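Please read the structure below before turning to the comments.
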Amino acid sequence: MLPVLWTCHSCIVTFSLHAIEPGIVSFLQVTMRERLSLWAVFCLIVAFLPSQTESVAVMSVDLGSEWIKIALVKPGVPMEIVLNKESRRKTPVAVCLKENERLFGDSALGVAVKNPKVVYRFLQSILGKPADNPQVARYQKHFPEHQLQRDEKRGTVFFKFSEELQYTPEELLGMILNYSRGLAQDFAEQPIKDAVITVPAYFNQAERRAVLQAAHIAGLKVLQLINDNTAVALNYGVFRRKDINSTAQNIMFYDMGSGSTTATIVTYQTVKTKESGTQPQLQIRGVGFDRTLGGFEMELRLRDHLAKLFNEQKKSKKDVRENLRAMAKLLKEAQRLKTVLSANAEHTAQIEGLMDDIDFKAKVTRSEFEALCEDLFDRVPGPVKEALAAAEMNMDEIEQVILVGGSTRVPKVQDVLLKAVGKEELSKNINADEAAAMGAVYQAAALSKAFKVKPFLVRDAAVFPIQVEFSRETEEEDGVKTVKHNKRILFQRMAPYPQRKVITFNRYTDDFVFYINYGDLSFLSEQDLKVFGSQNLTTVKLSGVGSSFKKHSDAESKGIKAHFNMDESGVLILDRVESVFETIVEEKEEESTLTSKFWKCLSLLCVCACVCVCVCGETEAEKPEEKSDAEKAEETEADKKSKPLKKSKISEDITVELEVNDVLDPSTEDMEVSKKKLQDLTNRDLEKQEREKTLNSLEAFIFETQDKMYQNEYLAVVTEEEKEQITGKLSEASNWMDEEGYTAGTKELKEKLSELKKLCKAMFFRVEERKKWPDRLAALDMRAASMTSSIHFLSFFLNKEILIPEGDQIFTEVELKTLERVINETMTWKNETIAEQEKLSPTEKPVLLSKDIEAKRSLLDREVNYLLNKAKFAKPKPKDKAKDKNTTSTENSKANSTEDAEKVIPPKSDDGESDF
C-alpha cells in the first residue's frame, strides 16, 4: 500500500499556507484579527502562490557505481520509478563521448563493446580522489583504454579525450545527472530542478563535495545528499509505519551492490516531538563497509577466466588480454554469465567473432565461479562485524537481516552471510534494486514545499569522527615555555546529524590558527586508510581577534566561539566565528505593551482633564512643595542603588580564511567553465536531434507523397500539369537527399521540407475535404432531422391538439419558430452549396468546406442547447388552490343538488380534521 501523499493542488488555501513563508502566514493571521474582508485575505494569499506553470515535481537519483535509478513525485503521481528511453527501470552509469555525438546508458554500453576508449563508466570510485590514491590506480588497471592524467592545479585526475578536450570525473558525472534529469522531465512532462541524490554511507567530505559539484554543473538543486543505506531504511519504514511502536526494533540491512558492500544497523521506534506529537523514527546505529567488495570484482574475475580459456584454446597466436575490444566483449559476457550462474549450476559462455573473426565458446560451472571468488566470499562477514562494533551490539539484538543490492542474489553470498549472522533465514521483503530510489524520493517530497507527506523522522549518523586541533603556548613553573597540542572532538563516530556544534577557545587574545581534521580512524584497515585519503580537512586562519579585545578591553571575554554545522547532506560547514564579551549594564524596567498603552492613555486623559479644568477656570492645580538639594541628592543615590544590574552580551565577527587540505575544490571560474562545456555539448546534442528529426521528416514526406501520387483519391484531384510538377519536385528532392541531403544543415533541410509542403498543400487540402464531407454532412442531416421532429411534436402541443395548461408550457411559439427558421436556412445553405460544388471539377478549390459544415452544425447545437437549458431550469407555476377548490365546489353543488339532503358528514378526528 502506498504511503499517504497529498499534493499542493488538493486545496488552494492549504497549499498557500504550506507554501508561503511563516512570516507571511503570521501577517495573514494579523490581518484576519484586524477583520479584513475575506476577499482581501484571499487576494493576499493568491499573491504569494507559485505560478501554475512553475515546476512542482521533485526527483531522486540513486547513484550506484554501475546503475542509476530515478524516481519521481509529481501531482497525481505519488511515487514512481522513471522509465528510460528503452522502457527499463534502471540505467547504466555510462556516457559515450564521440567526436560529434554523446550517448548515455544502454546506448553507450553498446558502443563500449566496439570502441571502449570513448565510453566512461564506474566513475563513483574516483570522485574526490587525488591522483596518487590507490583507487585511481585500481581504476586505471580495470580500464586501461582511458588516459587518466593528473590535474596539477587540484591534484585530482581528468580524462584526456583529445589534445583540446579533457573531462573531470565530476563533469562526466554531471552529464549523467543532467541526462537523468531529462528522463525525469520527459516522464513528468514538466521541468524539474530539485533532487535528492544517494551516496554511499562511507563517502567522506571530499567525495560528498564532488557529488555536489557534479550536480551543480548539471544545473540540479540538491535538496539533500542522502546515504543510500538510510534511503533504504526510510523506504522500509514508510511502508511498515503501523508496525513501529515505542519498543525499539533493530534491523540490519546488508547491501552488496556492484562496487561495494555496506551493512547497516537501524533502530525503529516512535518518539514524541514538540512539533507534530508522536511520530515514527529511524536512527542509524552502526555502519560497516567494504569499498571494493561487489559484483563488479566478481565479473572481472570471470572475464579474466574466460580470457584464459580462450588463450588455452590456441585458436589465435595473439593474447586476447592485449586486445581492448575483445576484453570489453568478454566483460559483457562475464556479466551475463554471473547472472545465469546464480540460478544454474553451469552455463556455456559464447561470443561470436571475439578476435580476428574467431568465435569463442566455453562451459563454466558455478563451482568454478565460486573458486575464482573464494577470497571475496571470505570478506562477506566483514561489514557485519564492523557494523555491530560501531553500534556496540551483538547479533542477538538484531531482529532480522534484510538483503539489498543486486549482488546479494549470488547464492554463495547468501550462504556465507547466513552463517555469519546466525539467523534461520535472510529476509528478502524489499525491492533490492529500487528501495534506495524510493526512499530518497519520499525524502525529496518531504523536503519540497509543494508536497505534504506523513512525517518520518530520520537520524543519520556520521561514519567518520571529526575533531578540532589547535596548539597553545604555555609557561611552566620554571619559566620555560612549551607548546601544547590540544584536540577536541567535534563529532564522534556515529554521531547523529544534521547537528550544530560550538567550540569555544578561551585562552586566545590574538589572531590564531586551528585545524579541522578527522578523528580516530583506527577502525579502518591499512588499505582503507590509504583509499580514505588525507585525514586533514581544513586549516582555519582567524584575523581580527586581537582588535576585538582592544575594542572591548573593559568587558569580560567569554572566548572565541566557532559555530559548526553538519548539514542534512553530511557535509561539515564552518558557519561563523565570533569573539564574545560580557559587560554589566543597568537593567531598564520593561513594562508590557498593554501596560504601556494603558498608562499612555491614562496620561492623555489626565492632560485633557487638566486642560479642561484650566479652560473652565473651576479650580487651580495644587503645586507640590519643592524639595531641598540634599533631599534630591539622597533620592538620586537611592535610585542608583535600587536599579538592578544586567549582563549584556557583545559579539564581534572574526574574519575567517579557510585552506582546504584534503581535495581542493574547483574555483568559481573553473565551475563556470565546466558548466559552459556541458551546456555546449547539450546544445550540440539538441541541434543534432533537431537535424535528425527534420531529416527524417523530409525523407518520410518524399517517400509517402511519391506513393500517394499513384493512389486514385489523389490522382482524382490533380491536373496532369500539377501532377508532373509535384512528381518532378519530389524526384529532384530525392536525388538531392542521396547526394547532399544527408550532410546538409538543419536550416537547409527545413527549407526543403517547407518548399515541398507548400507545393502539395492544395492537393492535400482537396483530398482531406472530400474525405470529411460524408461524415460531416450525415451528422448535419441527422441533427436537422431530429430537431425538425422535435419542432413538430412541440407544435402539436402549442396548437392545443393535446391540451396543456398555459402555465405549464416551457417553450414559446416564437422560440420554436426561430429554431425552425435556423433549420430551414441551414438545409437551404447545404443544398445550394452541394449543388454549386457538383458544378466544379475535383481539381478546383472546393466551395463546400468541412469547417463550414461544422460551423452550421454548431449553430444548430447552440439553438438546441438554449432550449434544453431553459427546460432544465424551468419550474411549473404553483396552482391557485383556492380557485380550484371553489370551482370544484360549485360544480359539485350543481351536480349533486338533489342529493344534498342524503349526504352524511363524516366524523372528525381529535385534531379537527375529517377522518376518512
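Read the figures in this text as sums done on the coordinates, not as results from a lab. The structure displayed is predicted, hence computed values, not measured ones. In this analysis, Cβ positions are derived from the backbone assuming ideal geometry, glycine residues included, and neighbour counts consider all displayed protein chains.
For Lys363 and Glu724, what does the FRET efficiency come to when R0 = 56 Å and r is the distance between their Cβ atoms, rounded to the nearest 0.05?
E(calc), rounded to 0.05, equals 0.25.
For the stretch 169-210, the list of trypsin sites (Lys or Arg not before Pro) that fall in a loop by DSSP and count at most 16 other C-beta atoms within 10 angstrom reads Lys193.
Straight Cα distances below 27 angstrom link Lys872 to the lysines Lys800, Lys817, Lys856, Lys881, with same-chain residues fewer than 8 positions distant left out. Between Glu145 and Leu165, the simple spin-label model (points 7 angstrom out along Cα→Cβ) gives 1.6 nm. A Förster radius of 25 Å combined with the Cβ-Cβ distance from Phe873 to Thr788 puts the calculated FRET efficiency at roughly 0.50.
For the residue pairs Lys85/Lys454; Lys117/Lys332; Lys708/Lys729; Lys90/Lys530; Lys501/Lys558; Lys308/Lys338, the C-alpha atoms sit more than 21 angstrom apart in Lys85/Lys454; Lys90/Lys530.
Couplings for the stretch 668-684, taken from phi via the Karplus curve 6.51 cos²θ - 1.76 cosθ + 1.60 with θ = phi - 60°, read 4, 5, 5, 5, 5, 5, 5, 4, 5, 4, 6, 5, 4, 5, 5, 4, 5 Hz in order; Gly and Pro are left as x.
The calculated FRET efficiency for Glu397 paired with Glu374, based on their beta-carbon distance and R0 = 35 Å, is about 0.70. Once backbone amide H atoms are built at 1.01 Å from N, Ser569 has Leu225 as its partners under 5 Å, excluding neighbours fewer than 5 places away on the same chain. Each of Glu813 and Ser427 was given a label point 7 Å from its Cα along the Cα-to-Cβ line. The distance between the two points is 8.5 nm. Amide H of Asn661: which non-local residues (sequence gap of 5 or more, or other chain) have their own amide H closer than 5 Å, using H built in the peptide plane? Placed amide hydrogens put Thr538, Thr539 under 5 Å from Asn661.
Length gained on full extension, Lys551 to Asn344, computed as 0.36 nm times the residue gap minus the Cα-Cα distance: 66.6 nm. Taken along the Cα-to-beta-carbon direction at a fixed 7 Å, the label points for Asn865 and Trp773 span 2.9 nm. Between the amide H of Arg576 and those of His563, distances stay under 5 Å, these residues lying 5 or more places away or on another chain, with hydrogens modeled in the peptide plane.
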